[in-house]
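Worksheet for the structure shown next.
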Amino acid sequence: MSSDKPAGDRGGLFGAGGRFSGGVDPIMEKFNESIHFDKRMWAQDIRGSIAYAKAIGKVGIISDEEVKTLVEGLEKVYQEWAEGKFELKPGDEDIHTANERRLTEIVGATGGKLHTGRSRNDQVATDTRLWTVEAERDILKDMATLLEESAKFAKQHIDVLMAGYTHLQPAQPIRFSHWLCSHLSPLMRDAQRLQDMIPRANQCPLGSGALAGNAFGVDREFLAKELGFDGVTPNSLDSVCDRDFVVEFLMWHAIMLTHISQFAEDVIINNLLKGIDIDDAYATGSSLMPQKKNPDALELLRGKAGIALGKAVGFTATLKGLPRAYNKDLQEDKVPLFSAVDTVKDCLAIATGVICTMRPNPEMLMKALSPEMLATDLADYLVRKGVPFRETHHISGACVRLAEEQKIRLDALTLEQLQGIDSRFEADVSKVWDYEVSVERKSSTGGTAKASVLKQIDDLIAFAQTLK
């Protein structure tokens, strides 16, 4: 079957008569192209090209009039994308090819001068860094909303007590707001980590060429300033193949979603025990059982963490055997990166909604408390009378054992029974059996006393406001 294409025409930027004498296998063309996912970087690609046009004009490669022509043409391409009017065509292998093809259609042969000294290697590295930094800054705003609104929610319920657990066994009484802050604290660390990552990602690789640098002496510091980067990457070979910033984000999102997953599991358990009611907006029903109200939002939050870890490990494995400098394997960075950003933003929105609409049930949370959870307070009672803790620990344990043998609650032991174990118990031991007193004794920084928790809440709100 004959073709209208000249021999060797490969479409796109390469055309016919160059390095290749044969066309591209259609399957290979589809396998090789990335436009269906990297078109998300259209705005960053155009920004980079505008800056590069100015840079090559600055060193005299093109005239001021040609710079003006290219910038105005690129702005028209930008407008087409912004208005949803940009039309992809066969041969638009990637976002760089598509934008340059459309630019040349608008401005003519001058469009062919834009790529002077530039490679898609440094171009895609630039686009990806710009896109990632913008996404990371946007995510920080979402985290600010989650932290601030959740902290305010915690303050509303400052007087609610609940059972604290270790090993999923009853441990000590705590405040509901203290428990919630225990999940917000790791998210605050996550936000701090993300802040730390941005300066490393926000370095300009543009002007590195394919690998060896730019042959026309473009001012890379000028490019960095034009694009809002903090500085320039120091080595051209490394510049075009460095994807540490992608790995860092993928690892970061795995850690952050692990923290979200732990929160989700805790709420699922407390919902099962009727201590927390989940709003209908974040639950679904059963196709068979009419009574069911399933915590699907929380289960999906819990499930995302494992997938996130897989993406991080998978792309890191892709990188580990690559030689210097650019290799096509690096095209595989964007699918997990884009997916990770979308997942993070969705999960933060869902988690914020779940927290702000869930309802603690003070009566059921109190019901989960038991006097045995005050066994440490019983030991502390004797400590305050001068008895070494290692001794009081055994004494309190003996009291717990006696109550179990008698099949009664720990607080039902009489003074005589307690004194039968240790004569230093006195009548005021009855004051131990007060959950409010117990939590208020934990007044050190980070503890579950009211003043301490309020301080944690205020600190979370103050930190969240710095992220906006």
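Structure summary
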quantity	calculated
Estimated dipole of the range 278-399 in Debye, rounded to 20 [Cβ of Lys and Arg +1, of Asp and Glu -1, Cα centre]	340 debye
³J(HN,Hα), Karplus 6.51/-1.76/1.60, whole Hz, each residue of the range 145-152, x for Gly, Pro	4, 4, 5, 5, 5, 5, 5, 4
Two-decimal log10 I(q)/I(0) for the chain, as the Debye equation yields it once each C-alpha is a single scatterer, q = 0.07, 0.09, 0.12 Å⁻¹	-0.55, -0.76, -1.05
The chain: calculated mean residue ellipticity at 222 nm from DSSP helix runs of at least 4, using -39500 (n - 2.57)	-19500 deg cm²/dmol
Principal semi-axes in Å for the range 425-468 [√(5λ), Cα gyration tensor, largest first]	34, 7, 5
For peptides 311-323, 121-133, sequence by mean Cβ density within 10 Å, most packed first	121-133, 311-323
Inter-probe distance in nm under a simple model that places probes 7 Å from Cα toward Cβ, at Leu237 and Ser286	6.3 nm
Partner aspartates and glutamates for Lys30 [C-alpha distance under 12 Å; skip if fewer than 8 residues away on the same chain]	Asp92, Glu93, Asp94
Spatially near lysine pairs across the range 201-344, Cα under 19 Å, sequence gap of 8 or more or different chains	8
Residues with amide H under 5 Å from that of Asp277, placed H, sequence gap 5 or more	Arg359, Asn361
For Met364, net neighbour charge (Lys/Arg +1, Asp/Glu -1) across residues whose Cβ lies under 13 Å away	+1
Coarse-grained scattering of the range 366-464 at q = 0.25 Å⁻¹, given as base-10 log I(q)/I(0) from a Debye sum over alpha-carbon atoms	-1.34
Förster radius 30 Å - calculated FRET efficiency between Lys152 and Asp230, Cβ distance, rounded to 0.05	0.35
Selected from Val341, Val77, Asn327, residue furthest toward positive end of dipole (the chain; charges at beta carbon)	Asn327
Pairwise label distance in nanometres, Leu415 with Asp346, each label 7 Å out on the Cα-Cβ vector	6.3 nm
Lys, Arg +1 and Asp, Glu -1 on Cβ, resulting dipole of the range 232-312 about Cα centre, debye, nearest 20	300 debye
Segments 360-371, 434-445 sorted - mean Cβ within 10 Å per residue, highest first	360-371, 434-445
Only Lys, Arg (+1) and Asp, Glu (-1) charged, at Cβ; the range 324-458 dipole about Cα centre in debye	340 debye
Amide H within-cut-off set for Val232, under 5 Å, with H built and near neighbours excluded	Cys204
FRET efficiency, Asp279 to Arg137 (Cβ-Cβ, R0 30 Å, nearest 0.05)	0.50
In nm, spacing of pseudo-spin labels at Asp244 and Glu372 (7 Å Cα→C-beta vector)	5.2 nm
Selected from Met188, Gln123, Gly91, residue furthest toward positive end of dipole (the range 75-221; charges at beta carbon)	Met188
Thr166-Arg424 FRET efficiency (beta carbon distance; Förster radius 30 Å; 0.05 resolution)	0.60
Extent along principal axes [Cα atoms of the range 292-389; Å; largest to smallest]	71, 43, 21
Length gained when the stretch Val437-Val400 is fully extended (0.36 nm per residue, less Cα-Cα span)	11.3 nm
Over the chain, relative contact order from alpha-carbon pairs under 8 Å, at least 6 apart, %	17 percent
Difference of contour (0.36 nm per residue) and Cα-Cα distance, Ile408 to Lys293	37.8 nm
Intensity falloff of the range 154-308 expressed as log10 I(q)/I(0), Debye formula with alpha-carbon point scatterers, at q = 0.08, 0.10, 0.14, 0.18 Å⁻¹	-0.43, -0.59, -0.83, -1.11
In order through the range 183-190: 3J(HN,Hα) via Karplus (6.51 cos²θ - 1.76 cosθ + 1.60), integer Hz, x for Gly, Pro	8, 6, 4, x, 5, 5, 4, 4
Full-stretch length increase - Ala212, Ala109 - with 0.36 nm per residue and alpha-carbon distance subtracted	34.4 nm
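We did not get these values from a lab; they are worked out from the coordinates using the rules stated. Just so it is clear, the model here is predicted, and its values are computed rather than measured. Glycine also receives a Cβ, built like all others from the backbone with ideal geometry; neighbour counts cover every protein chain displayed.
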